[in-house]
Every structure is written in C-alpha cells, then in structure tokens.
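The values are calculated or read from the model by the stated rules, or taken from the named source; none is laboratory data. From a predicted model like this one, the values you see are computed outputs, not experimental measurements. Cβ placement follows ideal geometry from the backbone for every residue including glycine, while neighbour counts extend to all protein chains displayed. In case anyone asks, the SASA skips ligands and DNA or RNA and just uses the protein heavy atoms, side chains included. Shrake-Rupley method; radii C 1.70, N 1.55, O 1.52, S 1.80 Å.
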Amino acid sequence: MKPKTLWIMRFVLVATVILSGMWSASAQTRTTDTIVTSDVYIVQPIAIYKLTDMQFGAIVSGASGGLVTLSTSGSRTKTGTIILPSSFAGRAASFVVLGTPNQTYSLSLPSSMTLVRQSGSETMTVSSFVSNPSSFAFNSGGSSNVSVGATLTVGGNQVLGLYTGSFSVTVSYQ
Amino acid sequence: MSVDVIQGIRVTKTSNLRFGPMIPGTTDGTVALDVTGSRTQTGNLILLTSSSVPFSAANFTMLGTPSITYSITLPSSVTLTRQGGAETIVVNSFVSSPSGNGSLDTAGTGTLAVGGTLTVPASQTPGYYSGQFTVTLTYQ
C-alpha cells in the first residue's frame with residue numbers, strides 16, 4: 001500500500017510544478033533600460049574692476065584744433081595744429097574682468113562721451129572707443145585684462161582747463 | 001541584403017537631460033526642464049544661453065512591435081557630481097511625455113521625452129556637474 005500511495009503523491013507533485021511553469025511563462029514581462037546622462041554648468045558671476053582711468057594728458061590745441069588718438073597702450077597721436085607736450089602723457093583705461101575660466105564674454109563700450117571743463121561749461125567729445133583685446137575670454141585662471149583707448153576731438157583755441165567726464169563699461173556672459 | 005528583427009521595443013536616445021549654463025543666485029533656486037526642453041526657474045539665479053553649452057530634455061526614439069503598450073519608470077532623483085571635485089547637485093521631479101504609459105503606433109514607432117528639476121543652492125561651487133540615471137520601459 002505504501003509504495004502505491006507514494007507514487008500517486010509524487011505524480012501530483014510533478015503535475016503541480018508543470019502547471020506553475022506554464023503560468024509564469026504567459027505572465028512574463030520584459031524591460032528595456034536606457035542610461036541617460038544629466039549635466040549642468042554652474043558658472044561664476046562675472047565682475048569687472050577698473051585699474052586705470054583714461055587720460056589724454058596735456059594738449060595744446062592751436063588755432064585749428066584737431067584729433068588726439070589714445071591707443072590701447074597709452075601712446076598718443078595727433079592731427080591738425082595740436083601739440084602734445086610730454087610733460088603729462090596719455091594713459092589708456094584698463095580693467096581686469098573676472099569670471100568662469102576659459103569662458104568667453106562680451107564687453108560693451110560707449111559710442112561717445114562728453115568731457116566738461118571744470119568750473120566752466122565748455123565741452124569736448126570722446127569717441128571711437130577701441131579695446132585690446134577686441135574679443136573677450138577668460139584665461140584658465142578666470143581672469144582677463146582689457147585696455148581701452150579712444151579719440152578726442154579738440155576745437156581750435158579750445159578754452160584752457162581740466163576737462164573731465166566718466167563712461168561705463170559693461171561686461172556679461174554671451 | 002540584411003534584416004533587422006526587433007523583439008519588443010528598441011530605444012535610441014537622441015539627447016541627454018542637459019540643464020545648460022547658469023549662475024547661482026543669492027538665494028537657493030530651482031531650474032525645471034520640461035519635456036519640450038524649456039527651462040523655467042525659481043529664485044534669482046541667472047540662466048545663461050550659449051551655443052556651445054546647449055540645454056535639452058532627454059529625448060528618445062522607439063522602434064518595435066506595432067501598437068505595443070509600455071509603462072515608463074523614471075528615477076525619483078539623480079545626483080550630479082562636480083568634475084574634478086566631490087560637490088553634488090540634485091535633479092528630481094522627473095516628468096515624461098508620454099507620462100506613465102505609452103504605446104507605439106501602427107508602424108511600430110514612438111518617441112519619449114524626459115524632463116526634471118534641478119535644485120541650485122546659492123552657495124553651489126562653480127564647475128561642470130554630471131551624473132547618470134536609467135529610464136526603464138516595461139512591456140509584454
């Protein structure tokens with residue numbers, strides 16, 4: 001009797017196992033995994049600091065006046081009746097700009113500005129601003145030096161005096 | 001002559017989840033990249049635009065059994081680590097289009113877009129941060 005019972009039980013056990021396998025196969029799901037990268041560039045704020053103001057130095061206008069061009073290295077050239085004494089030389093404006101290493105940035109200069117005589121109202125115009133470099137990027141240290149020159153229009157027999165004014169330079173990431 | 005037999009769904013990624021360049025604000029902020037690839041921010045961080053540093057949603061094309069349906073599993077968050085450092089920044093609130101479930105068309109093709117939200121603390125160290133996450137499609 002015992003062996004017969006055992007045989008039946010064994011058969012039932014095997015049948016159950018087979019049925020379970022079939023159910024698993026029909027309920028099988030598949031998945032597809034795709035790996036995605038996410039990234040971001042966290043950038044330092046941009047800052048500009050003035051090192052030197054722009055100086056056209058001492059100028060004698062003469063009867064006709066003319067133009068005084070200040071280069072980005074601070075040297076001056078003149079036209080017309082202008083004389084440039086060396087006693088008071090010119091100096092370019094200069095700045096250091098700080099930001100994200102190796103990043104390009106943009107720098108804007110005014111198209112023109114006006115100098116006004118101290119204790120007076122006479123004016124002279126400064127225009128044709130130029131910069132060195134002419135396109136801008138930070139070095140690997142996040143620093144960039146810029147020099148700015150321009151051209152001053154001097155009238156004939158321009159009233160003597162100290163003429164001053166101010167202009168803005170704006171920097172931003174492109 | 002060759003034949004490419006596809007079983008199930010083949011996914012091809014066409015762009016990663018890229019947040020682009022930005023400057024942290026004076027307060028903590030967030031940048032949400034939606035499924036169309038548009039960025040919106042909270043806080044006073046500054047979003048920059050640079051042709052050499054693009055931003056985009058993650059985009060995928062799919063090819064497989066016509067009209068097959070699938071469910072999409074996105075991570076709850078992913079941590080990005082600064083290149084050359086150990087600082088981290090977190091992306092969460094993942095979204096997708098389609099959302100939850102989708103299906104391929106009668107030609108067996110489909111597309112998927114994934115966006116997410118980046119949290120940008122005011123003090124976040126500048127640098128390039130990256131990380132990886134998995135998008136899982138489940139289907140019969």
### Summary
If we keep only residues of the stretch A:99-130 that are assigned to a strand (DSSP E or B) and closer than 27 Å to B:Pro21 by Cα, then the residue nearest to the chain's Cα centre (by Cα) is A:Tyr105
### Message
Among the residues of the stretch B:67-94, what is the count of those that are under 18 Å from B:Thr138 (Cβ atoms) and either open to solvent by less than 60 Å² (accessible area, probe 1.4 Å) or more than 10 Å from chain A (Cβ to nearest Cβ) (or both)?
### Response
10
### Task
Among the numbered conditions (1) in a loop (DSSP other than H, G, I, E, B); (2) of a type outside the set (D, E, K, R); (3) within 18 Å of B:Gly102 (Cα to Cα); (4) touching a strand residue (DSSP E or B) at 6+ places or on another chain (Cβ under 6 Å), tell me where B:Gln7 comes up short.
(4)
### Message
Looking at the stretch B:34-54 only, could you name the residues that are exposed (fewer than 15 other Cβ atoms within 10 Å of the Cβ), outside any strand (DSSP E or B) and away from chain A (no Cβ under 12 Å)?
### Response
B:Thr36, B:Ser38
### Message
Just the residues that are over 21 Å from B:Thr119 (Cα atoms), under 13 Å from the mean Cα position of the chain (by Cα) and of a type outside the set (Val, Ile, Thr), please, taken from the stretch B:39-92.
### Response
B:Asn59, B:Phe60
#### Entry: Residues located in the stretch A:35-63, provided they are within 14 Å of chain B (Cβ to nearest Cβ) and either over 27 Å from B:Gly84 (Cβ atoms) or part of a strand (DSSP E or B) (or both)
A:Ile35, A:Val36, A:Thr37, A:Ser38, A:Asp39, A:Val40, A:Tyr41, A:Ile42, A:Ala47
### Task
Could you check B:Val31 against (1) within 15 Å of B:Ser93 (Cβ to Cβ); (2) open to solvent by 60 Å² or more (accessible area, probe 1.4 Å) and say which number it fails?
(2)
### Task
Evaluate the stretch B:11-23: report whether one residue or more is within 7 Å of another protein chain (Cβ to nearest Cβ), in contact with a Phe, Trp or Tyr (Cβ under 6 Å, 6 or more places away or on another chain), under 22 Å from B:Gly64 (Cα atoms) and in contact (Cβ under 8 Å) with a residue 60 or more places away in the chain.
yes
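Within the group A:Thr151, A:Thr100, which residue is in contact (Cβ under 8 Å) with a residue 40 or more places away in the chain, out of contact with any strand residue (DSSP E or B) (no Cβ under 7 Å at 6 or more places or on another chain) and open to solvent by less than 60 Å² (accessible area, probe 1.4 Å)? If you could, list the steps in order and put the result at the bottom.
Numbers: A:Thr151 fails: out of contact with any strand residue (DSSP E or B) (no Cβ under 7 Å at 6 or more places or on another chain).
Only one candidate passes the filter, namely A:Thr100.
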### Query
Can you tell me which of B:Gly127, B:Gly115, B:Gly131 is open to solvent by less than 40 Å² (accessible area, probe 1.4 Å), within 12 Å of another protein chain (Cβ to nearest Cβ) and in contact with a Lys or Arg (Cβ under 8 Å, 6 or more places away or on another chain)?
B:Gly127
